[in-house]
Amino acid sequence: LILRYKERNPEIDYIMNFMSFPEKKLIGQKEGKQVVIDINQILYIETVERKTFVYLEEDVVRVEYTLTQLERMLNSVRFFRCSKSMIMNIEKVKVLSSLASNRIDATMRNGEHILISRTYASEFRRRLKGEAFDE
């Protein structure tokens, strides 16, 4: 496959990532058993007390990765580091609301609310506008 483009942007990154890893999976643990996680099903990933959990619409699975490792593994336009302890899947956001102190409340498809801290809010807004982002 040859991909030609004038300048690299998040959409090009998404296509390149998809072509490189069309069926990327993670392995997690639930009730003592290994579970295969399709990254397309991930709503968000959170670290709580040094343990990392992947949240799906109907399930929660523990993984043995740090957020930094997952951020590198999931390097894509759809995943965004929204706080020190969380990565969210932008494609699973249902509603966005601006809050005081330059924060953003993201309501996910399953109804859960994620707060995007002010440290990450401006980058999130740039990402939504389709502007380039730092990797």
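Taking packing as the residue-averaged number of other Cβ atoms within 10 angstrom, the listed peptides 26-34, 72-80 run from highest to lowest as 72-80, 26-34. In sequence order, region 50-58 has phi-based couplings of 6, 10, 10, 10, 9, 9, 10, 4, 10 Hz under the Karplus curve 6.51 cos²θ - 1.76 cosθ + 1.60, θ = phi - 60°, and Gly or Pro positions carry x.
Evaluating 6.51 cos²θ - 1.76 cosθ + 1.60 at θ = phi - 60° for every residue in region 64-69, the Karplus couplings come out as 9, 10, 8, 4, 5, 4 Hz, glycine and proline recorded as x.
Using a probe radius of 1.4 Å on heavy atoms only, what accessible surface per residue do you get for the chain? Whole Å² is fine.
Values: 8750 Å² over 135 residues.
I get 65 Å² per residue for the chain.
Within the accessible area of the chain, the carbon and sulfur atoms contribute 48%, probe 1.4 Å, all protein chains present.
Set the Förster radius R0 to 22 Å, insert the Cβ-Cβ distance between ARG72 and TYR5 as r into 1/(1 + (r/R0)^6), and round the FRET efficiency to 0.05.
Values: r = 23 Å, r/R0 = 1.06.
Taking R0 as 22 Å, the efficiency between ARG72 and TYR5 is 0.40.
Each Lys or Arg adds one and each Asp or Glu takes one away; over the other residues whose Cβ falls under 14 Å from the Cβ of VAL93, this sums to +2. For the chain, the Stokes-Einstein estimate of translational diffusion at 20 °C and a viscosity of 1.002 mPa s comes to 136 µm²/s, using the Kirkwood hydrodynamic radius over alpha-carbon pairs. Pairs to check: LYS92/LYS129; LYS33/LYS92; LYS30/LYS51; LYS94/LYS129. Give those whose C-alpha atoms are more than 23 Å from each other in this structure. LYS33/LYS92, as the Cα separations exceed 23 Å there. Net length available on complete extension from LEU115 to SER101 is 3.9 nm, with 0.36 nm assigned per residue and the Cα-Cα distance removed. Amide H contacts of VAL77 (H built 1.01 Å from N, in plane; Pro and chain starts excluded): TYR14 sit under 5 Å, all sequence-distant by 5 or more or on other chains.
The values are calculated or read from the model by the stated rules, or taken from the named source; none is laboratory data. Treat the numbers as computed from the prediction; the structure is a model and nothing was measured. Neighbour counts are summed over all protein chains in view; Cβ atoms, including those assigned to glycine, are modelled from backbone coordinates with ideal geometry. Only protein heavy atoms, including side chains, enter the accessible area calculation; ligands, DNA and RNA are left aside. Shrake-Rupley method; radii C 1.70, N 1.55, O 1.52, S 1.80 Å.
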